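Worksheet for the structure shown next.
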Amino acid sequence: MFGTNLLDRRSKPERIADQAWQHLSSVLDSAGDTARSAGRGTAHLADEAGDRVASVADEAWQRAGAAFDALAGRRTSSSLPWAWIIGAGVVGAALGWAVGTAARAAVSRSRDDHDERIEFVDADRPGGVSAR
């Protein structure tokens, strides 16, 4: 009787966490049993079917592990590789700067080439040089 009174005095979050833990444990047990029986039942099928069952079981174990970590209060690791994302941004900015500089230099050179005086030749006049 002492144990039942002790359990009744727990706070509501503790009771909810205990219920969630019991539910998670039962789900893990049934998922494991289901995955094992499904694996045995599909052993005679093609390798593709076995691979699919294994991938589903792996997904179930990963999700169960994530739920377990959440109930235990552990933080999940970040799934984004931030170092690669920042590195790609820096490389993109450097490439953009280089292309912009090259484009400005090319435009500047083309303007310098067009600034030269063009001499027109008139084929109808004797001497061939236009009066312009």
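Residue by residue, here is whether (1) on the phi < 0 side of the Ramachandran plot; (2) modelled with pLDDT of 85 or more; (3) part of a helix (DSSP H, G or I) holds:
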site	(1), (2), (3)
Ser55	yes, no, yes
Ala64	yes, yes, yes
Ser78	yes, no, no
Ile85	yes, yes, yes
Ala93	yes, yes, yes
Gly96	yes, yes, yes
Arg117	yes, no, no
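Of the numbered criteria (1) loosely packed, with under 11 Cβ neighbours inside 10 Å; (2) modelled with pLDDT under 75, the one Pro13 fails is (2). Mind listing whichever residues of the range 56-76 are surrounded by 11 or more Cβ atoms within 10 Å (Cβ to Cβ) and among the hydrophobic types (A, V, I, L, M, F, W, C)? Residues satisfying the conditions are Val56, Ala57, Ala60, Trp61, Ala64, Ala66, Ala67, Phe68, Ala70, Leu71.
The values are calculated or read from the model by the stated rules, or taken from the named source; none is laboratory data. These numbers were taken from a predicted model, which means no experiment stands behind them. Cβ sites come from the backbone with ideal geometry, for glycine too, and all protein chains shown count toward neighbours.
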